[in-house]
Structures are given as structure tokens and as C-alpha cells.
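Peer 1: Structure below; questions to follow.
Each reported figure results from applying straightforward, stated rules to the coordinates on display, with no laboratory input. Note that the structure is predicted; figures quoted are calculated from it, not measured. Virtual Cβ from ideal backbone geometry, glycine too; neighbours counted across all protein chains shown.
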Amino acid sequence: MQNYKRKKKIVFHIGLHKTGSTSIQDKMKESFGTVSKEGVFYPMISVNGEKYSNHSFMFYSMFCDAPEKYHMNQKFNYDTKEKVTELNGYYRESLVSRIKETNSDFIVFSGEDISSLTEENINSMKEFFIDNIGIDIEFEIVVYVRHLCDYVQSVIQQRVKDGGWEELLLAELKSNKIGQVQSQIEKFVRVFGLDSIKAYKFEDAISHSHGIVGHFFDQVLGLSDLSYFDFSEAHSNRSISYESYLIHSFINKKEPLYNQDSISDRRSPHDLHPLIFMKGAPFSLGQSFHNECYFKLFDDFKWLKDAFNIDYSPHSVEDIDNLWSEEVLVSLSDAVSKVPHYIKREIINVVRDQAIKYEKNDIGKSYSLMKWAIQHRSDGVFIKKIN
């Protein structure tokens, strides 16, 4: 066992998901040399010759129960027990050697999938560092949390982009599979102690003059002079329009992207990608969803208040209006020209369904939608009322 005379501080930034983690990781990679000079060690990890700044890949693989099923290991082609045993051995050896080589006493890791580890997994991760570095370690867990209803809405949108559909995800919310922030954080409290947890309100953090990344550099890394860094570009997952969301959800439900753990033969991984850029109404699930979500997650809201004095109340949500405008249909025409034929066919079905939906209350919009469908499939059936 390697023992150090000086105390080491190890920070695990565990997300949560949808709170700017990728932006933080990208900036840490970009600023590696500068933060190193400030005494912060942020090790890059290498997989198949590529360097990554997201430590999820390493820690989740090393400590989860079934690393061969971890989606990132499958992406990297480490999809058998033999392969992941070799990969995790490499991770362990590389991590220990890098820590031994650094003169820094302040080591920082960032990975939002770390929050998905079980309590037993997390305890194994802690013991790994104690066994390989020494017992004189100060652990700190950094977590950003956002209004849980906004978080759930963002997760649903992302999951639909990634192959899910609305009804499935709303069912997951009802069965306590989405938004349970207490269960994600409390296991770290039990392993590391409440005093080791630094929880930040996401909405406050993004109000920092340099956004979420600036807040991380300032409050977590303790860098008082941020003039050395360029915070003008920060990664963010692109939000899709509500119309694009409806199309994604419809197609993913009718022709699921995944068949068990692999891509369906009837789909391809990026067949809906052009729809990400189509114009439309800002994505929102509306006020009624927000109210139901707040009621569903009330215990988690209360726990955040009691444990970290992070207080959230219900807030108003603007209703969506002016769906399927002419501008949107023009944008959809452009997207349709770039998707496979089988996707184009299903998009036309979505538009026809929307036309029928609006037939009673907005005949003009219904006409525009059906006209669009006919233009893109000449044998489409027109609404009989319109002549």
C-alpha cells in the first residue's frame, strides 16, 4: 500500500445528470495545463487511444456490478467479462500510477454516472483509494441539483431523443424510476458522511458571471482569478422543439430503436438526427405535468430542504401555443429530405394524425398539416371535409 506524508483531498463531482457536467468536463480538459499550475490534478483517462475528461467511464466500469453491460463499455467494444476485466485492470493500474506521480494534494474527478453506483459500489470505490493511497484522505462529494420537475422534464426530453417515448417515461416517473434525487445522494452521505457532501443549487450556480463552469472553478476548485480562462464556449445538449419531440416519441414507440440491448434491425442509431435541428415551439410538458411532478416528488423536495437547505417551490409554466406553424412545416420539409425513407413515411403519419387532431377546432391548421402530408406523399388521404 502506498502511504503519503501529506494529506490528500479527493473531490468527486457526481453530476447530477442535466446540470452542466459535460461543460465542466470539457473545460477541465481544455484548461488542464492551467489548473495543474494552480495545484489541481484532473487526470485524463485513455480508452482505445482517445483521451476523455468524463471519469464516469472509468469509475462506473471499475465498481459497478455488471461492467460488460455498461453502455459506454459496449460503445468502446468492451462487452464481455474477459474484456472488461482487462479494461478495469488497466484503469486501476493507470489511476494509481498517475496519482503516485503527481505532486498535487488536490485531486478532482468528474463523472455523472458515478451517482448511479450502488452504496456497496461507492464503498468499494472509497476503499480502493484508501488501500492504494493511504488513510489520510479528505473526501468531498460535489453535486449540483436543479428543480426536480425541470430536471425530470429535461430527462424525458433527452431520453426521447435517445430512443424512448413519452408514455414509457411517464410510467417510469410514476413508478419512482425518474427524479428520485434523495436515493441518488443519500448513499454518498452514508458512505462519506453528510459533512463531506457539498450540494449546490443549479439555478444559483448558472447565475455566476461565468455560468456553471465558472461556479465550479470558483467554488469547487477555489480559483480566485478566472481571467486566465475562456468561458465563452460551453457544451450543452441541444434542446429539441416540442414538434420534434412529438415526432421522436411517436416513431420510437411505433418502431423502437432498441431490441433488448442492441439496435433494432428496423432502425439505425442516427436516423432521427436531422429532426434535432427543426424549428418549433420551445419544449415543455406544461403546467399540469409540473404540478403532478411536484406532488409525486414532494418527499425528495422536502429532503433537499432538510439536508442541504435547498428549497424549491412549484412554479408557473407557460403553455405551448402556435404549434405546427408554416415556419415549422418548412423546417420539417428540410429535415424530411435528410432522413431515411422509412422515417419519412412515419413523419408523414405523425403530421396526418396531427391534422386530424386539429380538424374540429382549427380547420386552417388542419388544412396546412394535411396539405404538407400530401405534398410529401402523393397518395396520402386528404381530410374529407376540406374541398
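Peer 1: Full extension from Glu167 to Tyr342: what is 0.36 nm times the residue separation minus their Cα-Cα distance, to one decimal in nm?
Peer 2: Between Glu167 and Tyr342, full extension yields an extra 60.8 nm.
Peer 1: Roughly how many nanometres apart are two label points built 7 Å out from the Cα toward the Cβ at Ala307 and Phe128?
Peer 2: 2.2 nm
Peer 1: Could you give the nm distance between label points at Val96 and Lys81, where each point is 7 Å from its Cα heading toward the beta carbon?
Peer 2: 2.3 nm
Peer 1: For the charge dipole of the chain, defined by +1 on Lys and Arg C-beta atoms and -1 on Asp and Glu C-beta atoms about the Cα centroid, which residue among Ala355, Ile320, Thr22 has the Cα displaced farthest towards the positive pole?
Peer 2: My answer, from the dipole projection, is Ala355.
Peer 1: Right, next: Where the convex hull is taken over the Cα atoms of the chain, what is its projected area averaged over directions, in nm²?
Peer 2: Taking a quarter of the hull surface, the average projection is 21.6 nm².
Peer 1: On to the next question. Order of Met58, Met125, Met370 from fewest to most other C-beta atoms within 10 Å?
Peer 2: Neighbour counts put them in this order, fewest first: Met125, Met370, Met58.
Peer 1: Sticking with this one: Estimate the FRET efficiency between Val189 and Ser333 by the formula 1/(1 + (r/R0)^6), using the beta-carbon distance for r and 45 Å for R0, to the nearest 0.05. Could you put the intermediate results ahead of the total?
Peer 2: Working: r = 52 Å, r/R0 = 1.16.
Calculated transfer efficiency: 0.30.
Peer 1: Tell me whether segment 213-322 comes out rounded, prolate or oblate; compute the Cα gyration tensor, take square roots of the eigenvalues as a ≥ b ≥ c, and use a/c under 1.5 as the rounded threshold.
Peer 2: oblate
Peer 1: For segment 272-362, what does the relative contact order come out to in percent, with C-alpha contacts under 8 Å and a separation of six or more?
Peer 2: Relative contact order here is 42 percent.
Peer 1: Still on this structure: Over the chain, what is the relative contact order in percent, taking alpha-carbon pairs closer than 8 angstrom and at least six residues apart?
Peer 2: Reported relative contact order: 17 percent.
Peer 1: Placing +1 at every Lys and Arg Cβ and -1 at every Asp and Glu Cβ, with all other atoms neutral, what dipole size does segment 117-193 have around its Cα centre, in debye to the nearest 20?
Peer 2: 340 debye
Peer 1: Roughly how big is the chain's charge dipole about its Cα centre, with Cβ charges of +1 (Lys, Arg) and -1 (Asp, Glu), in debye to the nearest 20?
Peer 2: Roughly 760 debye, rounded to the nearest 20.
Peer 1: Within the set of other residues whose C-beta is less than 13 Å from the C-beta of Lys187, count the net charge using Lys and Arg as +1 and Asp and Glu as -1.
Peer 2: Net of charged neighbours comes to -1.
Peer 1: Which entries in the list Lys161/Lys360; Lys37/Lys198; Lys75/Lys338; Lys177/Lys305; Lys29/Lys177; Lys9/Lys51 go over 27 Å, if you measure between the two C-alpha atoms of each?
Peer 2: The answer is Lys161/Lys360; Lys29/Lys177.
Peer 1: Which links in Lys174/Lys253; Lys8/Lys69; Lys27/Lys100; Lys344/Lys365; Lys254/Lys357 stretch past 27 Å when you go from one Cα to the other? Walk me through the numbers before you get to the answer.
Peer 2: Values: Lys174/Lys253 18 Å; Lys8/Lys69 33 Å; Lys27/Lys100 24 Å; Lys344/Lys365 21 Å; Lys254/Lys357 19 Å.
Too far apart for the 27 Å limit: Lys8/Lys69.
Peer 1: Tell me which of Tyr342, Phe76, Leu257 sits at the most positive position along the dipole axis of the chain, charges placed on C-beta atoms (Lys, Arg +1; Asp, Glu -1).
Peer 2: Selected residue: Tyr342.
Peer 1: Starting from the 7 Å offset along Cα-to-Cβ, what nm value, one decimal, do you get for the label separation of His270 and Asp230?
Peer 2: About 2.5 nm separates the two model spin labels.
Peer 1: Also, I was wondering about something else. Share of antiparallel DSSP beta bridges in the chain, in percent to the nearest 5?
Peer 2: On the way: 5 of 23 bridges.
Around 20 percent antiparallel, to the nearest 5.
Peer 1: What are the residues whose amide H is under 5 Å from the amide H of Ser264, where those residues sit 5 or more places off or on another chain and H is modelled from the backbone?
Peer 2: Residues meeting the amide H criterion: Tyr258, Asn259.
Peer 1: Once you have the alpha carbon radius of gyration of segment 137-253, what is it after dividing by 2.2 N^0.38 Å, with N set to its residue count?
Peer 2: Normalised by 2.2 N^0.38 Å, the Cα Rg of segment 137-253 equals 1.31.
Peer 1: Please work out the Cα convex hull volume for segment 28-163 and give it in Å³ per residue.
Peer 2: Spelled out: Cα convex hull of segment 28-163, divided by residues, is 144 Å³.
Peer 1: Could you pull out every residue, at least 5 positions away or on a different chain, whose amide H is within less than 5 Å of the one on Ser110? Hs are placed 1.01 Å off N in the peptide plane, and Pro or chain starts have none.
Peer 2: Residues meeting the amide H criterion: His13, His55.
Peer 1: For segment 1-55, taking Cα atoms only, what is the radius of gyration to one decimal and the Dmax to the nearest whole Å?
Peer 2: Looking at segment 1-55, its Cα Rg and Dmax stand at 13.3, 38 Å.
Peer 1: If you average the alpha carbon positions of segment 207-256 and of segment 355-372, how far apart do those two centres end up, in angstrom?
Peer 2: Here the two parts' Cα centres lie 36 Å apart.
Peer 1: Continuing with the same structure: Looking at Leu170, Gln153, Val142, which one has the Cα that reaches farthest to the positive end of the dipole of the chain (charges on Cβ: Lys, Arg +1; Asp, Glu -1)?
Peer 2: Ranked along the dipole, the leading option is Leu170.
Peer 1: Now for a different question. In whole Å, what are the Cα extents of segment 276-387 along the three principal axes, biggest one first?
Peer 2: Projected onto the principal axes, the Cα atoms of segment 276-387 cover 61, 32, 21 Å.
Peer 1: So, one more: Counting alpha carbon pairs within less than 8 Å and at least 6 residues apart, what relative contact order, in whole percent, applies to segment 86-240?
Peer 2: It comes to 25 percent, rounded to a whole number.
Peer 1: Mind jotting down the distance between the C-alpha centroids of segment 58-84 and segment 119-146, whole Å?
Peer 2: So the two Cα centres are separated by 20 Å.
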